[in-house]
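The values are calculated or read from the model by the stated rules, or taken from the named source; none is laboratory data. Predicted model only: the values in this text are computed from it and were never measured. Here the Cβ positions follow ideal geometry from the backbone for every residue, glycine too, while neighbour counts run over all protein chains shown.
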Amino acid sequence: MLAFIATLSVKPDQVEAFKKNAPELMNKVRQEPGNHAYIGHQSPEEATRFVFYEQYEDEAALLAHRENLAALGVDLAELLTEPPSIEMLNLL
C-alpha cells in the first residue's frame, strides 16, 4: 500500500476555481481502481496551500491515477506556483 501527503501551492488567482472543482475531482479519484483514500484540505492560515492525503493499492494504481488526472484535463503546472511537495508515509 502506498500512502502519502501531497502539499500543493495554488496560484492566488486559481484558488477559487480550484476549490470549486476539487469536490467533483475528488469523487472521481475515489472511484479509481486501487484508490483507498483521497482526502483534500485547505490551510486556514494560507489560502493558497492545499494538502491531500492519498492511499493507493500499489504503484500501478498510482500510475493509473496520474493518467486519469491527465485524461480529465487536470494540468497542475497551470494551477501551481511550484511542483507538489510529496511526503511518503508507512502504514502502521
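Quick notes
- Selection status of E54, touching a His at 6+ places or on another chain (Cβ under 6 Å) and surrounded by 15 or more Cβ atoms within 10 Å (Cβ to Cβ): no
- Screening the candidates E57, E82, E24 for the property of being charged (D, E, K, R), under 24 Å from K11 (Cα atoms) and modelled with pLDDT of 95 or more yields one hit, E82.
- Contact map, region 8-24: first residue touching a residue at least 40 places away in the same chain (Cβ under 8 Å), second residue surrounded by 12 or more Cβ atoms within 10 Å (Cβ to Cβ) and in a helix (DSSP H, G or I), Cβ cut-off under 6 Å, separation 6 or more or different chains; pairs are V10/F18; V10/L79; Q14/L79.
- The lone exception for L79 - which of (1) more than 14 Å from L2 (Cα to Cα); (2) crowded, with 16+ Cβ neighbours inside 10 Å; (3) more than 14 Å from the chain's Cα centre (by Cα) it fails: (3)
- Sub-6 Å Cβ pairs linking a first residue in region 66-83 that is free of Cβ contacts under 8 Å to residues at least 60 places away in the same chain to a second residue that is assigned to a loop (DSSP other than H, G, I, E, B), at least 6 apart or interchain, are N68/E32, ordered by first then second residue.
- Residue count for region 57-70, restricted to those that are closer than 23 Å to L92 by Cβ, loosely packed, with under 12 Cβ neighbours inside 10 Å and of a type outside the set (D, E): 0
- Members of region 45-92 that are out of contact with any strand residue (DSSP E or B) (no Cβ under 6 Å at 6 or more places or on another chain) and of a type in the set (V, I, T): V74
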